[in-house]
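The values are calculated or read from the model by the stated rules, or taken from the named source; none is laboratory data. Quick caveat: nothing in here was measured; it's all calculated off a predicted structure. Every residue, glycine as well, gets a Cβ built from its backbone with ideal geometry; the counts of neighbours run over all protein chains shown. Only protein heavy atoms, including side chains, enter the accessible area calculation; ligands, DNA and RNA are left aside. Shrake-Rupley method; radii C 1.70, N 1.55, O 1.52, S 1.80 Å.
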Amino acid sequence: MLFNLRILLNNTALRNAHNFMVRNFGCGQPVQNKVQLKGRDLLTLKDFTGEEIKYMLWLSADLKFRIKQKGEYLPLLQGKSLSMIFEKRSTRTRLSTETGFALLGGHPCFLTTQDIHLGVNESLTDTARVLSSMTDAVLARVYKQSDLDILAKEASIPIINGLSDLYHPIQILADYLTLQEHYGSLKGLTLSWIGDGNNILHSIMMSAAKFGMHLQAATPKGYEPDPSVTKLAEQYAKENGTKLSLTNEPLEAARGGNVLITDTWISMGQEEEKKKRLQAFQGYQVTMKTAEVAASDWTFLHCLPRKPEEVDDEVFYSPRSLVFPEAENRKWTIMAVMVSLLTNYSPKLQKPKF
């Protein structure tokens, strides 16, 4: 009797998981995939069309469903290896990449500043060529975007941005997968950014309009996003018929927003600016008062690690907060990036309605 009950519960869980995917991702008969990303670099989402970014999210949903929900083993990266260069410490990027690459049958190699010094003990050119001869791809978390550009120029294998001073594209993929799961579609959503004009905001600006999403961003004076990024984001908004609003007033950015988003005010390498930054960001903490002017279906995102001055506990731990599903989705999206850049695999699920 107990054995039969367990079977019933397991079958029920599988049916519920399947119904969830049908509701949120339109699962059914697969459609022909026309996007091919094999061999590409992922340095910034600026380099990818809306359809190409959607493909990576589609692949993320496919892998999550087949591996997590259905329990399938997919050794899509068997025999492949990955160089992981980390100039900065990491929790989610390292763990999601290491476990995800291994889960797909590959071998990740973790390299810190104690193991490799980019452009110090060995030139970037030499490093890129050596890694190209021994591994199949490189994921690098670096201080300078220019280092990634050189690696990509000199390497013969895909280079993936694990975070730089200018962009953090793999984080934004996780954010979008999380919102797709929650809302069922991305088109028409209004994203409300309240915080620093940093790499996370830059990555949103390079991609949101391609999904038909509007962006309202508030940053303190002197902490606005990079002017060149803003100029291109304005062009994307015009081409896609979306709204882009930049302000110095947090409540103005939050007004009518579906998704309230913030990030650390003091990034790694900015510790000496802490006192100055804390003063500049007074009034930027996301609270329930902020949420009062947002849309009725508001949710909250933060890429972590989080400090209380950025968002209070009431919002951070509320049922509206998606930060922990967002963190988990770092794994499924980086797995999709690796698979798309290293193989010709096509998703088996029907393409989601973004």
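Quick rundown of the values:
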quantity	calculated
Test: residue in the stretch 181-192 that is closer than 17 Å to residue 252 by Cα, open to solvent by less than 10 Å² (accessible area, probe 1.4 Å) and out of contact with any Pro (no Cβ under 8 Å at 6 or more places or on another chain)	yes
Some residue of the stretch 324-335 being of a type in the set (Asp, Glu) and under 17 Å from the mean Cα position of the chain (by Cα)	yes
Residues satisfying the stated conditions in the stretch 276-288, i.e. in contact (Cβ under 8 Å) with a residue 12 or more places away in the chain and open to solvent by 20 Å² or more (accessible area, probe 1.4 Å)	278, 280, 283, 285, 287, 288
In the stretch 133-168, residue nearest to residue 113 (Cα to Cα) [restricted to those that are among the hydroxyl-bearing types (Ser, Thr, Tyr) and surrounded by 21 or more Cβ atoms within 10 Å (Cβ to Cβ)]	164
Matching residues in the stretch 323-349 - criterion: being open to solvent by 20 Å² or more (accessible area, probe 1.4 Å) and closer than 30 Å to residue 296 by Cβ	324, 325, 327, 328
Which listed residue is assigned by the TED database to the domain that holds residue 245 and either free of Cβ contacts under 8 Å to residues at least 24 places away in the same chain or in contact with a Leu (Cβ under 9 Å, 6 or more places away or on another chain) (or both), from 150, 204, 200, 160	204
Exclusive hit being at pLDDT below 60, out of contact with any strand residue (DSSP E or B) (no Cβ under 7 Å at 6 or more places or on another chain), closer than 16 Å to residue 333 by Cβ and among the hydrophobic types (A, V, I, L, M, F, W, C), set 65, 25, 3, 20	25
Which numbered condition residue 254 misses (of (1) farther than 25 Å from residue 163 by Cβ; (2) open to solvent by 10 Å² or more (accessible area, probe 1.4 Å); (3) not basic (Lys, Arg))	(2)
Those strands (runs of 3 or more DSSP E) lying entirely in the stretch 80-192 with at least 1 residues of a type in the set (S, T, N, Q)	81-86, 107-112, 159-163
Failed criterion for residue 175 (all others in (1) within 30 Å of residue 136 (Cα to Cα); (2) charged (D, E, K, R); (3) open to solvent by 20 Å² or more (accessible area, probe 1.4 Å) hold)	(3)
Those residues of the stretch 48-77 which are buried (at least 16 other Cβ atoms within 10 Å of the Cβ) and not in a helix (DSSP H, G or I), in sequence order	48, 74, 76, 77
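For (1) on the phi > 0 side of the Ramachandran plot; (2) in contact with an Asp or Glu (Cβ under 9 Å, 6 or more places away or on another chain); (3) open to solvent by 30 Å² or more (accessible area, probe 1.4 Å), each residue gets a yes or a no:
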{"position": "247", "(1), (2), (3)": "no, no, no"}
{"position": "250", "(1), (2), (3)": "no, no, no"}
{"position": "262", "(1), (2), (3)": "no, yes, no"}
{"position": "274", "(1), (2), (3)": "no, no, yes"}
{"position": "308", "(1), (2), (3)": "no, no, yes"}
